[in-house]
1. Could you check the range 120-151 and list, in sequence order, the residues that are within 13 Å of the chain's Cα centre (by Cα), in contact (Cβ under 8 Å) with a residue 40 or more places away in the chain and not in a strand (DSSP E or B)?
2. Read through the list (1) modelled with pLDDT under 95; (2) under 19 Å from the mean Cα position of the chain (by Cα), then give the number of the only condition that residue 161 fails.
3. Here is a check on your reading of the model: is residue 127 at pLDDT 95 or above, loosely packed, with under 14 Cβ neighbours inside 10 Å and assigned by TED's automatic domain parsing to the domain that holds residue 78?
4. May I ask you to verify whether residue 118 is in contact with a helix residue (DSSP H, G or I) (Cβ under 6 Å, 6 or more places away or on another chain), farther than 15 Å from residue 165 by Cβ and not acidic (Asp, Glu)?
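The values are calculated or read from the model by the stated rules, or taken from the named source; none is laboratory data. Just so it is clear, the structure is predicted and the values come from calculations on it, not from any experiment. Positions of Cβ are backbone-derived with ideal geometry, glycine not excepted, and every protein chain shown enters the neighbour counts.
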Amino acid sequence: MQATRGAARTAALVALPLALLAGALVFWALGGFRDGATEPPGPTPSGPVAMQARPLPEAAATACRALLTALPGTLRDRARREVTAGTDQNAAYGHPPLTIACGTPLPSYPPETTLAVVSGVCWYVQGERWTTVDRSVPVTVEVPEAYGPGGQWVVDLAPAIVGALPVAATVPFGCHG
């Protein structure tokens, strides 16, 4: 009886690590360790990202230039891309493009709307579109659905936004979280 228990214990000590290793290998092979930050398969973009440039008052244009200068050359593993218009107010990263437009109109939303405060920036979120509502000049970020939750991307933009764009004179109540 003692020999049977010892053999069962030895078999368990050998089988358990092998089963865990096999499970980890299958999980890895199915893409389980990817965090969604890698570029989706497909062709590399070959041209600038189509964006519109809106006329901005001088103060907003100056603030947007400061923001665009403060943005990183890469956002996670997404390279910064050229845009077709408004190089002093627009930026894009990766493929499909994650876009940043400075000087956009403030969105209108019901007062009971829940706003998202991410790393010191208050956002109104509509699907893939995130628009700041607490800055002197609004910024809209469009995060492609393929990139996963937008909050994980706007958090990386917050330092540039906080550093370049002052807080607005009037901040919505939901931003005082």
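1. Within the range 120-151, 143, 144, 146, 147, 148 meet the criteria.
2. So residue 161 meets the others, but not (1).
3. Values: at pLDDT 95 or above: no; loosely packed, with under 14 Cβ neighbours inside 10 Å: yes; assigned by TED's automatic domain parsing to the domain that holds residue 78: yes.
So residue 127 does not fit the description; no.
4. On the way: in contact with a helix residue (DSSP H, G or I) (Cβ under 6 Å, 6 or more places away or on another chain): yes; farther than 15 Å from residue 165 by Cβ: no; not acidic (Asp, Glu): yes.
No.
Residues checked against (1) in the same structural domain as residue 127 (by TED's automatic domain parsing); (2) touching a helix residue (DSSP H, G or I) at 6+ places or on another chain (Cβ under 6 Å); (3) buried (at least 16 other Cβ atoms within 10 Å of the Cβ); (4) modelled with pLDDT of 95 or more:
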site	(1), (2), (3), (4)
73	yes, no, no, no
93	yes, no, yes, yes
101	yes, no, yes, yes
109	yes, no, yes, no
113	yes, no, no, no
